[in-house]
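Report on one structure; see the data block that follows.
The values are calculated or read from the model by the stated rules, or taken from the named source; none is laboratory data. Owing to the predicted nature of the structure, the values given are computational and were not obtained by experimental measurement. Cβ coordinates were reconstructed from backbone atoms using ideal geometry, including for glycine residues, and neighbour counts include every protein chain displayed.
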Amino acid sequence: MIYKIAIVEDEENVIEQLKTMLKKYWKENSIKDEYLIESFSSAEDYLNQENKHEYDLFFLDIQMTGLSGMQLAREIRKADENVLIVFVTNMVQFAVESYEVQAYDFIVKPLTYSNFYMRLKRILRRLSHWSDDAFISISTRSVQRRLRILDIIYVEVINHNIIFHLTGNEKITINSTMHEWEKKLEPYHFVRCNSCYLINLRYVSALKGEYIIINEEELHISRSKKQNFLSEFAKYVGGSK
């Protein structure tokens, strides 16, 4: 797997520090996966490129000349609700505002390798959950098809029909049981939020009382499933699952 990383930072020395720390971490941990870094000295430089929004991870400075990192994060979120955004900043007072753009973490300046090490370990664990090379096979009445795990947002059961809700607003219906698919998809971080829905934790964008927000839909969390769902979600977000 190749991780595509964007650094948007107006201090050249901080860009070089991040690159050096990434290289050191990769070497120390003998990571087989590769990474590619592209750096931008302003939010405008990033937005003016042709192939924007094709990254796995963003390191964003908050306070920059022109558009701020927070403003850039809002633009990134319009195109991608799930990409990891990490703020690199000495302005920790923006922590509350960062919830609006679902920032995954903060790295506080001045940078230290020990702090960076712990955060990058957590970040890479989360990214490893998003591998795009896992597939499952399903059989409909007319055809057998391979589905990429990454494309499954959630699974719904109605009577004896299983409905796969996929990216691109596609739905596929097969005759099966929720129990069967809960077992098959458990290794890929799918969790029941009630008796009808099996959720891909990757696509959960917010928790709202008795509901989760997933792909701009609100799905109810049942009382019997709530404790386990919240526990599994917390592990997933925290990088321990």
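Brief remarks follow.
- Identification of helices (runs of 4 or more DSSP H) wholly contained in region 1-113 with 3 or more residues that are modelled with pLDDT under 90 yields 69-79, 95-98.
- Test set (1) touching a residue at least 60 places away in the same chain (Cβ under 8 Å); (2) under 15 Å from the mean Cα position of the chain (by Cα) - LEU111 fails condition number: (2)
- Qualifying residue in region 164-171 (condition: closer than 29 Å to ALA79 by Cβ, of a type in the set (S, T, N, Q) and touching a helix residue (DSSP H, G or I) at 6+ places or on another chain (Cβ under 8 Å)): yes
- Residue that is surrounded by the most Cβ atoms within 10 Å (Cβ to Cβ) [pool: residues in region 115-140 that are more than 20 Å from the chain's Cα centre (by Cα) and modelled with pLDDT under 90]: ILE138
- Of residues in region 21-30 being more than 20 Å from the chain's Cα centre (by Cα) and surrounded by 13 or more Cβ atoms within 10 Å (Cβ to Cβ), the one nearest to GLY66 (Cα to Cα): MET21
- Counted residues, region 141-156 - those being at pLDDT 90 or above and not acidic (Asp, Glu): 4
- Scanning region 1-28 for residues that are out of contact with any Phe, Trp or Tyr (no Cβ under 8 Å at 6 or more places or on another chain) and touching a residue at least 60 places away in the same chain (Cβ under 8 Å) returns MET1, VAL14, GLN17.
- The condition of being in a strand (DSSP E or B) and surrounded by fewer than 13 Cβ atoms within 10 Å (Cβ to Cβ) holds for GLU218.
- The conditions of being under 22 Å from the mean Cα position of the chain (by Cα), assigned by TED's automatic domain parsing to the domain that holds GLY66 and under 20 Å from ARG74 (Cβ atoms) are met by GLU9.
- Any hit, region 194-214, residues being in a helix (DSSP H, G or I), in contact with a strand residue (DSSP E or B) (Cβ under 7 Å, 6 or more places away or on another chain) and outside the structural domain of ASP105 (by TED's automatic domain parsing): yes
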